[in-house]
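See below for the structure under consideration.
The values are calculated or read from the model by the stated rules, or taken from the named source; none is laboratory data. These figures come from a predicted structure and were not determined experimentally. FYI the Cβ positions are ideal-geometry reconstructions off the backbone, even for glycines, and counts take in every protein chain you see. What goes into the accessible areas is simple: the full protein's heavy atoms, side chains included, and nothing from ligands, DNA or RNA. Shrake-Rupley method; radii C 1.70, N 1.55, O 1.52, S 1.80 Å.
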Amino acid sequence: MARRESGLVGYAPAPGVHQPGEMGLSTGRNLRHECWEMVGVRIRQRLAELSGAAIEWYAATHSSDERRPYAVAFGNAGLSVAEPRVGTDRRPVYAISSFQFAPGSLRHVRVDHRPYPHAPGPSAGGPANAPTLGLGRSTLGLLGNLPPRAQELLQTPFVDGQKILRDDWHYEGHAHHLDMFMFFLAGAKDVTVATGTKTIPVGHTDATAHWSLTCYRASVARRIGR
């Protein structure tokens, strides 16, 4: 495994790693580009205004209305989410919320994970009962697929009791290659994000997948919306 790091001063030891869950791929649904177009120009422009220069983004079917996707934009100025709602006049609207970053606080670490074909999985050697940090089972299962270093970087700001207010993820690709991946945790003081790709080379399994990730952390200066 090779790893190159830059920035992110002050990270303390994190709470450990989690057991990996299933990472399935949905079929028959619009991908992020189609969903992004469905959100509409005005909403996309507002997300760009709040988030700044784009780092990663996605849009996907919302659980409350499969015809109206939600969208997430992550940039150098913030992490913003647009969710479909019904207005007071019963007309469809979008509710936008954003975690606005303190200027200059965004830092990143590169995590390139290249295990041997028969190496232990991501959770090998981790604690028997890693703290859940209030996250649900599906979120912990997704998190458990990531390289241990990425798991640590994502969780560290929340170890001392900072509540995670929002978490979500999205990925697209094929069974042996995800060409788009994003996972985030957001609290009142910090936001952490992982973006990148996953590949399962010939002779490897899901447990020894190769990950090329960039993990980000930023301080929250203010919040817009809920």
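Please report the spacing between the Cα centers of region 23-99 and region 157-226 in Å, no decimals.
Using only Cα atoms to place each centre, the spacing works out to 17 Å.
What nm distance separates the two modelled labels at ARG110 and ARG137, each placed 7 Å from Cα along Cα→Cβ?
The answer from the label model is 3.9 nm.
Under a Cβ-Cβ cut-off of 15 Å, what is the net charge of the residues other than ALA186 that fall near it, where Lys and Arg count +1 and Asp and Glu count -1? Don't jump to the answer; show the numbers that get you there.
Numbers: positive: LYS163, ARG166, LYS189, ARG217, ARG222, ARG223, ARG226; negative: GLU56, GLU83, ASP167, ASP168, ASP190.
Once positives and negatives cancel, what remains is +2.
Okay, helix-only estimate at 222 nm for the chain: each DSSP H run of n ≥ 4 adds -39500 (n - 2.57), divide by all residues, round to 500 deg cm²/dmol; what do you get? Mind showing how you got there, number by number?
On the way: 4 runs with 34 residues, N = 226.
Calculated mean residue ellipticity at 222 nm is -4000 deg cm²/dmol.
Give me the mean projected area, in nm² to one decimal, of the convex hull enclosing the Cα positions of region 32-224. The partial results should precede the final answer.
Numbers: hull surface 47.2 nm².
Across all orientations, region 32-224 yields a mean hull projection of 11.8 nm².
Give me the accessible area per residue for region 32-224, probe 1.4 Å, as a whole number in Å². Please report the intermediate quantities before stating the final value.
Working: 9020 Å² over 193 residues.
Computed with neighbouring chains in place, this is 47 Å² per residue.
Summing Lys, Arg as +1 and Asp, Glu as -1, what charge do residues with Cβ under 15 Å from the Cβ of LEU25 carry, LEU25 excluded? Walk me through the numbers before you get to the answer.
Values: positive: ARG29, ARG32, LYS198; negative: GLU22, GLU172, ASP179, ASP206.
Spelling it out: positives minus negatives among the neighbours equals -1.
If packing is taken as the average count of other Cβ atoms within 10 Å, what order do 76-82, 38-44 fall into, highest mean first? Mind showing how you got there, number by number?
Working: 76-82: 22.9, 38-44: 14.4.
Averaged packing, sorted descending, gives the order 76-82, 38-44.
For THR199 and VAL159 in one chain, what is 0.36 nm times their gap in residues minus the Cα-Cα distance, to one decimal in nm?
On the way: separation 40, 0.36 × 40 = 14.40 nm, distance 2.97 nm.
Length difference between fully extended and current span is 11.4 nm.
Once the Cβ-Cβ distance between HIS33 and ALA221 is put in as r, and R0 is 30 Å, what FRET efficiency do you end up with, to the nearest 0.05? Write out the running numbers ahead of the final one.
Working: r = 31 Å, r/R0 = 1.03.
Efficiency at R0 = 30 Å is approximately 0.45.
State the percentage of accessible surface on the chain attributable to carbon and sulfur atoms; use a 1.4 Å probe and exclude ligands, DNA and RNA. Walk me through the intermediate numbers first.
On the way: 5740 of 11570 Å².
The nonpolar share, carbon plus sulfur, comes to 50 percent.
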